[in-house]
Amino acid sequence: MDWKRWEVEDVIEVFLERSFDRGNTWQGIASLDPTVVTYLDSVAAVQSESYQYRLWARDSCGFVTPYTEVGTSILLEGAEQAGGNYLSWNAYVEWENGVDFYEIQVFNQQLSEFVRVDAVDGNTTEYLDGQTFLDQPELCYRVIAFERGGNLQQSVSNYACVGIKPVLYIPDAFTPNGDGVNENFLIKGQYIQFVDLKIFNRWGKIMYTADQLAPGWDGQPNGKPAPQGVYALTIIATATNGLKIKQEKMITLVR
């Protein structure tokens, strides 16, 4: 955390206090030289709590200043929800003019850095991320508050990580009849690394195997069109986080 340097004359000592219960109780955590304008609270459990901070100062005559405005850290929480990952956080409180906007970021393991997902206005404290798809075991988010008024101040939240849930979308039928529509039996998925896919005819003969979802089955085992009818499918999919999904289904080939 940081703050502006004290403008009161003859200040000889600055005191920093912290509250973990929304300002009901305060605890002194540091006595600082008035030239110091930043402090790292290494004891605070920022991954699980939101804290409030305030300052006051004492001059050479023993007089004390009023408390400063309260600064509040951002506690970000995340959870899997239908449609995406739901993120929520408490409003950042410190700046006189408030928060201009919050930027949502996610850690890209391949790039080894946080990348922007989206931004919301300063009055919004929740977000549903249904657009981020990265080939990694989990998605770790953070939120950055940007000060309104052009002072370029920022406040960064804790990290909130949400496990990736792999998904398979298996169609019921396909129509390899040459009209250019639904020609291949193509399973789609999210966060799938590789698969063990087999399709059998009614007598148990293997008609198609694959270790990847694309390009799908064109309905032609050994280059010859398979007859119209019902086929059995089994698939074991391995997700990017190592989780395995097994499904069995009957599919229909229509000509």
Notebook entry, point to check: What are the residues in region 86-104 that are open to solvent by less than 20 Å² (accessible area, probe 1.4 Å) and under 18 Å from V162 (Cβ atoms), if any?
Noted result: L87, W89, Y102, I104
Check: Quick one: how many residues across region 99-119 are touching a residue at least 24 places away in the same chain (Cβ under 8 Å) and either touching a Pro at 6+ places or on another chain (Cβ under 7 Å) or among the acidic types (D, E) (or both)?
Finding: 2
Item checked: Members of region 226-248 that are closer than 17 Å to L134 by Cα and either open to solvent by 40 Å² or more (accessible area, probe 1.4 Å) or not in a strand (DSSP E or B) (or both) -> T240, N241, G242, L243
Next item on the list: Have a look at L111, L152, L168 and point out the one that is surrounded by 14 or more Cβ atoms within 10 Å (Cβ to Cβ) and among the hydrophobic types (A, V, I, L, M, F, W, C).
Entry: L168
Check: For region 93-100, does any single residue satisfy the condition of being modelled with pLDDT under 95 and within 25 Å of G242 (Cβ to Cβ)?
Finding: no
Next item on the list: Filter region 51-72 for residues that are closer than 15 Å to W26 by Cβ and either of a type in the set (A, V, I, L, M, F, W, C) or out of contact with any Gly (no Cβ under 6 Å at 6 or more places or on another chain) (or both) and give the result.
Entry: Y51, R54, L55, W56, V64, P66, Y67, T68, E69, V70, G71, T72
Check: Of the residues in region 13-71, how many are in contact (Cβ under 8 Å) with a residue 12 or more places away in the chain, assigned to a loop (DSSP other than H, G, I, E, B), of a type in the set (A, V, I, L, M) and open to solvent by less than 80 Å² (accessible area, probe 1.4 Å)?
Finding: 5
Note to self: Looking at region 147-174, I want the residues that are part of a strand (DSSP E or B) and have a partner that is among the hydroxyl-bearing types (S, T, Y) with Cβ atoms under 6 Å, at least 6 apart or on another chain. Which pairs are those?
What the structure shows: S155/Y92; A160/Y141; A173/T252
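More than 26 Å from L243 (Cβ to Cβ), of a type in the set (A, V, I, L, M, F, W, C) and at pLDDT 85 or above: is that true of A160 in this structure?
On the way: more than 26 Å from L243 (Cβ to Cβ): no; of a type in the set (A, V, I, L, M, F, W, C): yes; at pLDDT 85 or above: yes.
Criteria not met by A160.
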Next item on the list: Would you please list the contacts, defined by Cβ atoms under 8 Å and residues six or more apart or on different chains, that run from a residue in region 131-145 that is touching a residue at least 24 places away in the same chain (Cβ under 8 Å) and within 14 Å of V156 (Cα to Cα) to a residue that is open to solvent by less than 50 Å² (accessible area, probe 1.4 Å) and acidic (D, E)?
Entry: Y141/D129; V143/E103; I144/E103
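The values are calculated or read from the model by the stated rules, or taken from the named source; none is laboratory data. What you see is a predicted model; the values in this text were computed from it and never measured. For neighbour counting, all protein chains shown are included, and Cβ atoms are generated from backbone atoms with ideal geometry for every residue, glycine included. Just the protein is used for accessible areas: all its heavy atoms, side chains included, with ligands, DNA and RNA removed. Shrake-Rupley method; radii C 1.70, N 1.55, O 1.52, S 1.80 Å.
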